[in-house]
1. For W3, state whether it is surrounded by 15 or more Cβ atoms within 10 Å (Cβ to Cβ), modelled with pLDDT under 90, more than 33 Å from the chain's Cα centre (by Cα) and of a type in the set (A, V, I, L, M, F, W, C).
2. Restricting the first residue to the stretch 28-47 and requiring it to be free of Cβ contacts under 8 Å to residues at least 60 places away in the same chain, which pairs with a second residue that is part of a loop (DSSP other than H, G, I, E, B) and hydrophobic (A, V, I, L, M, F, W, C) meet a Cβ separation below 7 Å and a spacing of at least six or different chains?
3. Show the residue pairs that are 6+ apart or on different chains and have beta-carbon atoms under 8 Å apart, the first residue being within the stretch 1-19 and touching a residue at least 12 places away in the same chain (Cβ under 8 Å), the second being basic (K, R).
4. Go through the stretch 6-31 and give me each residue that's surrounded by 10 or more Cβ atoms within 10 Å (Cβ to Cβ) and part of a loop (DSSP other than H, G, I, E, B).
5. Take the conditions of a type outside the set (D, E, K, R) and either modelled with pLDDT of 85 or more or in contact with a Pro (Cβ under 8 Å, 6 or more places away or on another chain) (or both) and apply them to Q87. Does it pass?
6. Kindly establish whether E103 is farther than 30 Å from G2 by Cβ, among the charged types (D, E, K, R) and modelled with pLDDT of 85 or more.
7. Given the conditions (1) at pLDDT 85 or above; (2) more than 40 Å from the chain's Cα centre (by Cα), and given that G43 satisfies all but one, which numbered condition is not satisfied?
Amino acid sequence: MGWDAKDVALLKRLWAAGQSAAQIARRLGCSRNAVCGMLTRSGLKRGHKPPTARPKIRPPPKPRPTSSAALVRRVEKKVSRSTAEKQQPKEFSKQQLYAILAEAVRNTG
């Protein structure tokens, strides 16, 4: 798109009014990228809004006095290999598996 003085003036006026680059592009009949390029070449920028939140910076919390009882941790129960082996799943016979399967088929039908 060829930019003449009238188009650039309209671009600057619409940008100052707060319209987006897409809205300006539709009005001028060009692409949004063309508008953004002209804004960059013209040195126009949208002002950034100041942050709305005002965070308070607090000092770090003071350490509490600790007693020796607070420092003691409970030791988790240890699991031996023999205990883990005892928790193996029960093995079924072929007849038991067929019975379980038949019951499952009856329940789904």
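The values are calculated or read from the model by the stated rules, or taken from the named source; none is laboratory data. Note that the structure is predicted; figures quoted are calculated from it, not measured. So basically every Cβ, Gly included, is an ideal-geometry build from the backbone, and we count neighbours across all protein chains shown.
1. For W3, the condition - surrounded by 15 or more Cβ atoms within 10 Å (Cβ to Cβ), modelled with pLDDT under 90, more than 33 Å from the chain's Cα centre (by Cα) and of a type in the set (A, V, I, L, M, F, W, C) - is met.
2. Going by the 7 Å Cβ cut-off, the qualifying pairs are C30/M1; A34/M1; M38/W3.
3. L10/R27; L14/R27; W15/R46
4. The answer is Q19, S20, C30, S31.
5. no
6. Judged against the criteria, E103 is a match.
7. Result: G43 fails condition (2) only.
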